[in-house]
Structures are given as structure tokens and as C-alpha cells.
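The values are calculated or read from the model by the stated rules, or taken from the named source; none is laboratory data. Because the structure is predicted, anything quoted here is derived from the model rather than measured. Using ideal geometry, Cβ is built from the backbone for each residue, glycine included, and neighbour counts are taken over all protein chains shown.
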Amino acid sequence: MDNAAPSSSIARLKALPPLLLSLHKLLLDAERDEYEKVFGKVESAGQMLELVIEDPWFSWLRRLSQIIAMIDETLEAKTAPITEKAAQDLLAETKRLLTPTEEGEGFGKEYFDALQRDPDVIFKHKEISKLIS
């Protein structure tokens, strides 16, 4: 497979959702591991879903879920074809979201911490960064 990012913003945006979903799964699995170290084993998929939806521990991941949903809705819109500008805006918003920050709180800080803990997250981040840069 060619590692070069597609040239048009629309093509790059179309390639982004599976990568973001893969990153989301990696982050969710890593957060589950951290959660279980503190609170004990999550016993079922249903309990995990409830935690993801309601527990503050996982709330930072909702921002990533939201951007994935925004991209999907934009790509699937039936009213008008996506414009290059709209694709560029979504790519830029994704890039802003996926900018880790060592200080502070919220998504950037939690993402920074996840990058420090999990090499798989680092590799997926690099793959996505090539596409959105």
C-alpha cells in the first residue's frame, strides 16, 4: 500500500473514519485497562457501554466520537456534495483535536497520557497525522 496521503482534502477525509475508529478502539481499550486497575474488572460489554456513556473516566473520549460522527454525517449527506473547503475544515478540526498537550486537562492532556502509555496509539497517531497534515 502506498503511504502517501491522497492529495485532495475530500479524498483524505474519506480515508479518515476507519483510522479514527481504530484509534478510538485503541484508546477505549487502554482506558478500560486503566479503569480496571483502579476499580476492578468490568464484567460485561453492557457494563462497559454504560461506563463509556455515563462515567466521567471515559468522558474525554466523547470528543473523538463526536468528530467521527461529524465526518460520517458530512460524507453521507444527501443534500449537497461535500466541498473541498468543508473537507479542509474537518481535517483541520481533527488535527486540532488530536494535538496532544502535556499540561492542562481535557482531551489534549488525556490523549498525551495515552500516547505515553501505548505504542499502538503512537503508531495510529502517526498514520492519522500523515493523512491530516
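Structure notes:
- Residue within region 35-58 that is surrounded by fewer than 15 Cβ atoms within 10 Å (Cβ to Cβ) and closer than 22 Å to HIS125 by Cα present: no
- Residues of region 71-81 include at least one that is touching a residue at least 60 places away in the same chain (Cβ under 8 Å), in a helix (DSSP H, G or I) and surrounded by 15 or more Cβ atoms within 10 Å (Cβ to Cβ).
- Cβ-Cβ contacts under 7 Å between residues 6 or more apart (or on different chains), taken from a first residue in region 89-112 that is touching a residue at least 60 places away in the same chain (Cβ under 8 Å) and over 17 Å from ARG62 (Cα atoms) to a second residue that is among the hydrophobic types (A, V, I, L, M, F, W, C) and surrounded by 19 or more Cβ atoms within 10 Å (Cβ to Cβ), are listed as LEU91/LEU13; LEU91/ILE132.
- ALA86 meets the stated requirement of being under 24 Å from SER9 (Cα atoms) and either out of contact with any Phe, Trp or Tyr (no Cβ under 8 Å at 6 or more places or on another chain) or part of a helix (DSSP H, G or I) (or both).
- Among residues of region 26-42 that are closer than 13 Å to ASP113 by Cβ, those with a Cβ under 7 angstrom from a residue that is charged (D, E, K, R) and assigned to a loop (DSSP other than H, G, I, E, B), sequence gap 6+ or separate chain, pair up as ALA30/ASP118.
- Residues satisfying the stated conditions in region 82-103, i.e. charged (D, E, K, R), over 18 Å from the mean Cα position of the chain (by Cα) and surrounded by 11 or more Cβ atoms within 10 Å (Cβ to Cβ): GLU84
- Any hit, region 41-49, residues being part of a helix (DSSP H, G or I), hydrophobic (A, V, I, L, M, F, W, C), within 30 Å of LEU91 (Cβ to Cβ) and modelled with pLDDT under 95: yes
- Residue, modelled with the lowest pLDDT, within region 10-24, restricted to residues that are surrounded by 15 or more Cβ atoms within 10 Å (Cβ to Cβ) and among the aliphatic types (A, V, I, L, M): ILE10
- Just so you know, in region 98-133 the residues that are touching a Phe, Trp or Tyr at 6+ places or on another chain (Cβ under 6 Å) and not in a loop (DSSP other than H, G, I, E, B) include one that is farthest from SER8 (Cα to Cα), and it is GLU110.
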